[in-house]
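Engineer: Sharing a structure below in structure tokens format, with a few things to ask.
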Amino acid sequence: MTYDGYKALRIQVSDRIAHITIDNPPMNLGDHVLVSDLARFNAEVRTDDTVGVIVFDSADPDYFYAHEDMADAALMEQMLQDNELNLFQEVRESYRTLPQVTIAKVAGWVRGGGIEFATALDLRFAALETALFSQNEVSLGILPGGGGTQYLPRLLGRSRALEVIIGADAFDAALAERYGLINRALPADELDGFVERLAQRIASFPPGAVSLAKQAVDTGIGLSLPDGLREENKLLRQTVTPQVIEFLQAALKAGAQTRQGELDMEGLIDGLLRSQPPRR
């Protein structure tokens, strides 16, 4: 699939990874152009079996996703329509529920709706020296209405989420990592390499196992432990295909479950995956 005609996103796909660069001057505001592009890309990539991982970064070193465009009256009016979910919630949820793995690579500011977008993605990594975060809506007299009051407590817990939301203050990547907003804060010169290696690793795995593992985690969050275990078992059975059995046998033949093979099990499996590309 080709991804052409976008105005605020630069899209490049190779080796099952879609690299998406947000490029919406002057500061990557969430205006109608960016929001429309994000909605369109989601609809197109959702059914693209050639993409297994989606990595978002920014063309602007100072801003990953600044916040929503407060001057865009038409966009604000659309957001406030009497619907079950508003426009921004719909866009965030469309990303949270993608079958592909989504990653935010943050080097600059992320405020308001930018945090909501980033927290709707699966994984978040940030530059230790330069990434900054602020969920500042309450200071403006409103509340985070694009998912912020729901995503943050699930990541940070209630008290820390309230500190971030009603404190409405800026904080750095080190605190974001400590609180659980991001997966890791990395030195800026290590961020690109780390995220690229992780994306390549995930993209090399059987797509069905990745998407079903993601589904199991997401489903289990809203269930009791016994119900979550039952859902996990149901999804596990879907992964056990003849192709998977064949791959497990190949792993055993290559040295898995031997004392020497287990010393570098990950490397052994990586080698098999390179010679035997993933199948559903």
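The values are calculated or read from the model by the stated rules, or taken from the named source; none is laboratory data. Just so you know, these numbers come straight off a predicted model, no measurement behind them. Glycine also receives a Cβ, built like all others from the backbone with ideal geometry; neighbour counts cover every protein chain displayed. We work out accessible area using only protein heavy atoms, side chains counted, and drop any ligands, DNA or RNA first. Shrake-Rupley method; radii C 1.70, N 1.55, O 1.52, S 1.80 Å.
Engineer: May I ask you to verify whether Glu44 is under 30 Å from Pro206 (Cβ atoms), of a type in the set (Asp, Glu) and outside any loop (DSSP other than H, G, I, E, B)?
Structural biologist: Against the criterion (under 30 Å from Pro206 (Cβ atoms), of a type in the set (Asp, Glu) and outside any loop (DSSP other than H, G, I, E, B)), Glu44 qualifies.
Engineer: Which of the residues spanning the stretch 1-29 are farther than 18 Å from Pro99 by Cβ, assigned to a strand (DSSP E or B) and either of a type in the set (Phe, Trp, Tyr) or touching a Leu at 6+ places or on another chain (Cβ under 8 Å) (or both)?
Structural biologist: The answer is Leu9, Thr21, Ile22.
Engineer: With respect to Ser224, determine if the residue is among the hydroxyl-bearing types (Ser, Thr, Tyr), out of contact with any helix residue (DSSP H, G or I) (no Cβ under 6 Å at 6 or more places or on another chain) and crowded, with 16+ Cβ neighbours inside 10 Å.
Structural biologist: Numbers: among the hydroxyl-bearing types (Ser, Thr, Tyr): yes; out of contact with any helix residue (DSSP H, G or I) (no Cβ under 6 Å at 6 or more places or on another chain): yes; crowded, with 16+ Cβ neighbours inside 10 Å: no.
Here the answer is no, as Ser224 does not meet what is asked.
Engineer: Sticking with this structure for a sec: Which residues, taken from the stretch 29-56, are of a type outside the set (A, V, I, L, M) and open to solvent by 40 Å² or more (accessible area, probe 1.4 Å)? Can you show your working first?
Structural biologist: Of the residues in the stretch 29-56, the ones of a type outside the set (A, V, I, L, M) are 30-32, 36-37, 40-42, 44, 46-50, 52, 56.
Result: His32, Ser36, Arg40, Glu44, Arg46, Thr47, Asp49, Thr50.
Engineer: Here's something else I'd like to know. Would you please name the residue that is modelled with the lowest pLDDT, looking only at residues in the stretch 232-279 that are open to solvent by 50 Å² or more (accessible area, probe 1.4 Å) and outside any helix (DSSP H, G or I)?
Structural biologist: Per the stated criteria, the residue is Arg279.
Engineer: Still on this structure, please answer the following. For the subset of the stretch 19-55 comprising residues that are under 24 Å from Gly193 (Cα atoms) and without any contact (Cβ under 8 Å) to a residue 40 or more places away in the chain, which member is farthest from the chain's Cα centre (by Cα)?
Structural biologist: Here the answer is Asp23.
Engineer: Name the pairs whose Cβ atoms lie under 9 Å apart, with the first residue in the stretch 182-198 and under 20 Å from Glu266 (Cβ atoms), the second of a type in the set (Asp, Glu) and open to solvent by 20 Å² or more (accessible area, probe 1.4 Å), and 6 or more positions between them or separate chains?
Structural biologist: Within 9 Å, the pairs are Asn183/Glu177; Arg184/Glu177; Val195/Asp57.
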